[in-house]
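Just below is one structure, and these are the notes that go with it.
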């Protein structure tokens, strides 16, 4: 039988996918404290197919440039190495050399083939990596790879920056009597917007799948998850989602078995969505997570414009923080998306409470509006009544804490 | 002779243009306090040509819809009436009736011709105007029109909402021995972005100029001033710039006298720029005004994209607040404008202090960077070295005070 998809919170998920060995160590890049993990390595002895989705920022960090290049030319990967605390971005030619040396060291210590390791970094921009600490860190990390829960947990902790907690989840399902799995872990915090600002996410699976199909599956999942969250509208130089499939289960996913492929797509989608929601919920100093749904727009693209206009409006986000059911700010943010919104057709809901009907405020519901927007999580639903397009974006409020937290590094 | 353009700060400027009479009164719309002026009326006995530039928000307030309609069809105007405290936006058919009644009352009490008064409102969205207070306010206002400084000052005060001070300036110049003038006043505060969010500006002049030319002159000036300021990236339903020319000087500006036209264009441009700068400087709870200049972009449009990306980035704006010379945030904001920026060509300056040269940080200047970004006003100059396009936007920092101020109404 095939099916029974189960998604579980699991910060040790990286260690639970067969034939991957992982570890996270401290090498004093993020802070000088042995408990402060800041480098991880994921290794598969059997070769993996791999896919990546990267930032669309014009300014791309060295590890992004390197990983993109190697993904485009390579076919068999044995893992990746990632550090936090320093983004290796805006570091010129030396940055590229350093990123390549991170990969080479990982390859050397794991006896892997040339070009088979990918590299990620996250953290402060514009400073060279302290390679004198990174290189011993990589060696140290490879010497203690494993698949115990503690290895998985150390791995998911080592990629964090301003996150308050590690984020991981595990998907398992059956295929012809065999259990398959995907383990995912991620980091986020501020700057979360389209194209996955300042976030890293990693997915490991034991299915066998060819590289092109893996890329399609991952792209689709990313578009509906990491590209649909926003904290401050910014997008970073380092955003990366990587997926490795080592085929250890022997089970093959391909276009020839559409039902299996569909279930795999669902599993990847659910993992990405779960990690994306965890990222928003852990946004820097936020107090509320708000789902913005725009429906019956002329088309999906228009719905997305309106959605992002609302989800990124400072005035809307501060009113959420204040628990103020200010529909005027929502409507004017929708209006400045300039998509041809017709005010007298607009319906608006806060959760189930009707706010506007055909543009007219339903003030008899005012106390319900207030109740909804004072919750930790609620949904803004705006129906344009102009077509069949829709979009959902997950956003957060804008707080004094966010400003205080980000006013200097 | 022709020339000698003088621009002066003058919060009573509205009263200083010959043959306009003005006044501002209190009618308990903004708050219940006789000192709280919230309605003004500007009247010219001789007919004016008029031009307006309005919000591009899909949701346009009733007075915007009405004034646009009347400007498109009419040729002779005698003034306008404006209230603060209630925006008459999202108020449906009744809002349109109320806006028209404001104009009709102004016309009636000034014995003007039908369709000759324009209407503006600013304030809270989604509530009907309290016409029982507005109508007596208009009558009261028309009974005490004048051109003393106190009339001018009351006028510029009556349009304010969350502004901390009135904003006005006067331009005077000579033409064939005669003094000509433009008096301007404005309100701003939060939500200042492209297309003049939540701002009103009014310009009065005694030159004679045909309507189409006035419209061109005003549009050009607005594009280079009010459309180049940003506080929070939002754009409101009510933004309006109106200009009336009553011809009282007898001096005619036309395409036939290009030198005179050029001087007039300069005067209008300088007034708009001055008012725009006053608006940013009085942004809600800001502590710093920052000029963002993008130069040597492939073209002006690209420069503007990069400029706005920087000027609206929450992470950039909070770093200004913290006095943190964080060039990484500026570069990544420039990068996510996605215009094909090439990092190794980028030069960056904080005022005169060199920050990046061909993408490389000039860390020997770090103490100068810090000095600059701790000033109340400074300039960020980013040279892309890709062409000849340029753009300047005036922005402000993002403060905890802004969030606190806007978290509820």
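The values are calculated or read from the model by the stated rules, or taken from the named source; none is laboratory data. In this text the structure is predicted, and so the values were computed from the model without any measurement. All Cβ positions, even for glycine, are placed from backbone atoms using ideal geometry, and neighbour counts span all protein chains on display.
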In the stretch B:280-295, the residues that are in contact with a helix residue (DSSP H, G or I) (Cβ under 6 Å, 6 or more places away or on another chain), surrounded by fewer than 24 Cβ atoms within 10 Å (Cβ to Cβ) and away from chain A (no Cβ under 11 Å): B:288, B:289
Only one of A:215, A:139 that is surrounded by fewer than 21 Cβ atoms within 10 Å (Cβ to Cβ), in contact with a helix residue (DSSP H, G or I) (Cβ under 6 Å, 6 or more places away or on another chain) and assigned to a helix (DSSP H, G or I): A:139
Run down A:269, A:283 and say which single residue is modelled with pLDDT of 95 or more and either part of a strand (DSSP E or B) or under 30 Å from residue A:23 (Cβ atoms) (or both). A:269
Looking only at the stretch A:319-332, which residues are more than 7 Å from chain B (Cβ to nearest Cβ), within 15 Å of residue B:90 (Cα to Cα) and touching a residue at least 24 places away in the same chain (Cβ under 8 Å)? A:330
Condition test on residue B:65, is it within 25 Å of residue A:330 (Cβ to Cβ) and assigned to a helix (DSSP H, G or I)? yes
Return the only residue of B:339, B:372 being at pLDDT 90 or above, over 23 Å from residue B:300 (Cβ atoms) and crowded, with 16+ Cβ neighbours inside 10 Å. B:372
Between a first residue in the stretch B:216-242 that is away from chain A (no Cβ under 14 Å) and modelled with pLDDT under 85 and a second residue that is buried (at least 23 other Cβ atoms within 10 Å of the Cβ) and part of a loop (DSSP other than H, G, I, E, B), which pairs have beta carbons less than 9 Å apart while being 6 or more apart in sequence or on different chains? B:229/B:188; B:229/B:192; B:229/B:193; B:229/B:196; B:229/B:199; B:229/B:283
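Any idea how many residues of the stretch A:53-77 are under 17 Å from residue A:215 (Cα atoms) and away from chain B (no Cβ under 14 Å)? Talk me through it step by step, then tell me what you get.
Restricting attention to the stretch A:53-77, the residues satisfying the condition of being under 17 Å from residue A:215 (Cα atoms) are A:53-56, A:64, A:67-77.
Now restrict to residues that are away from chain B (no Cβ under 14 Å): A:53, A:67-77.
Here the count works out to 12.
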Which members of the stretch A:86-112 meet the condition of being touching a residue at least 60 places away in the same chain (Cβ under 8 Å) and more than 14 Å from chain B (Cβ to nearest Cβ)? A:106, A:110, A:112
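In contact (Cβ under 8 Å) with a residue 12 or more places away in the chain, away from chain B (no Cβ under 14 Å), closer than 26 Å to residue A:97 by Cα and touching a strand residue (DSSP E or B) at 6+ places or on another chain (Cβ under 8 Å), is that true of residue A:134?
yes
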Inside the stretch B:49-64, the number of residues satisfying the requirement of being modelled with pLDDT of 95 or more and more than 19 Å from residue B:159 (Cβ to Cβ) is 1
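Quick grid of which residues meet (1) more than 22 Å from residue B:118 (Cβ to Cβ); (2) at pLDDT 85 or above; (3) assigned by TED's automatic domain parsing to the domain that holds residue B:45; (4) assigned to a loop (DSSP other than H, G, I, E, B):
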{"residue": "B:165", "(1), (2), (3), (4)": "yes, yes, yes, yes"}
{"residue": "B:168", "(1), (2), (3), (4)": "no, yes, yes, no"}
{"residue": "B:171", "(1), (2), (3), (4)": "no, yes, yes, no"}
{"residue": "B:179", "(1), (2), (3), (4)": "yes, yes, yes, no"}
{"residue": "B:183", "(1), (2), (3), (4)": "no, yes, yes, no"}
{"residue": "B:190", "(1), (2), (3), (4)": "yes, no, yes, yes"}
{"residue": "B:195", "(1), (2), (3), (4)": "no, no, yes, yes"}
{"residue": "B:198", "(1), (2), (3), (4)": "no, no, yes, yes"}
{"residue": "B:202", "(1), (2), (3), (4)": "no, yes, yes, no"}
What about residue B:26, is it more than 14 Å from chain A (Cβ to nearest Cβ), surrounded by fewer than 23 Cβ atoms within 10 Å (Cβ to Cβ) and farther than 19 Å from residue B:136 by Cβ? no
Mind listing whichever residues of the stretch A:94-112 are in contact with a strand residue (DSSP E or B) (Cβ under 7 Å, 6 or more places away or on another chain) and either surrounded by fewer than 16 Cβ atoms within 10 Å (Cβ to Cβ) or not in a loop (DSSP other than H, G, I, E, B) (or both)? A:99, A:102, A:103, A:106, A:107
Which one of these does residue B:344 not meet: (1) within 14 Å of chain A (Cβ to nearest Cβ); (2) farther than 30 Å from residue A:397 by Cα; (3) surrounded by 16 or more Cβ atoms within 10 Å (Cβ to Cβ)? (3)
In the stretch B:358-368, what residues are in contact with a strand residue (DSSP E or B) (Cβ under 6 Å, 6 or more places away or on another chain) and either under 17 Å from residue A:125 (Cβ atoms) or within 14 Å of another protein chain (Cβ to nearest Cβ) (or both)? B:362, B:365
Qualifying residue in the stretch A:296-311 (condition: within 7 Å of another protein chain (Cβ to nearest Cβ) and assigned to a loop (DSSP other than H, G, I, E, B)): no
Looking only at the stretch B:357-404, how many residues end up being on the phi > 0 side of the Ramachandran plot and free of Cβ contacts under 8 Å to residues at least 60 places away in the same chain? 2
Are any of the residues in the stretch B:369-383 under 29 Å from the mean Cα position of the chain (by Cα) and within 7 Å of chain A (Cβ to nearest Cβ)? no
Filter result (under 20 Å from residue B:202 (Cα atoms) and not in a strand (DSSP E or B)) within the stretch B:20-29: B:26
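What residue, among those in the stretch B:113-136 that are at positive phi and within 24 Å of the chain's Cα centre (by Cα), is surrounded by the most Cβ atoms within 10 Å (Cβ to Cβ)?
B:126
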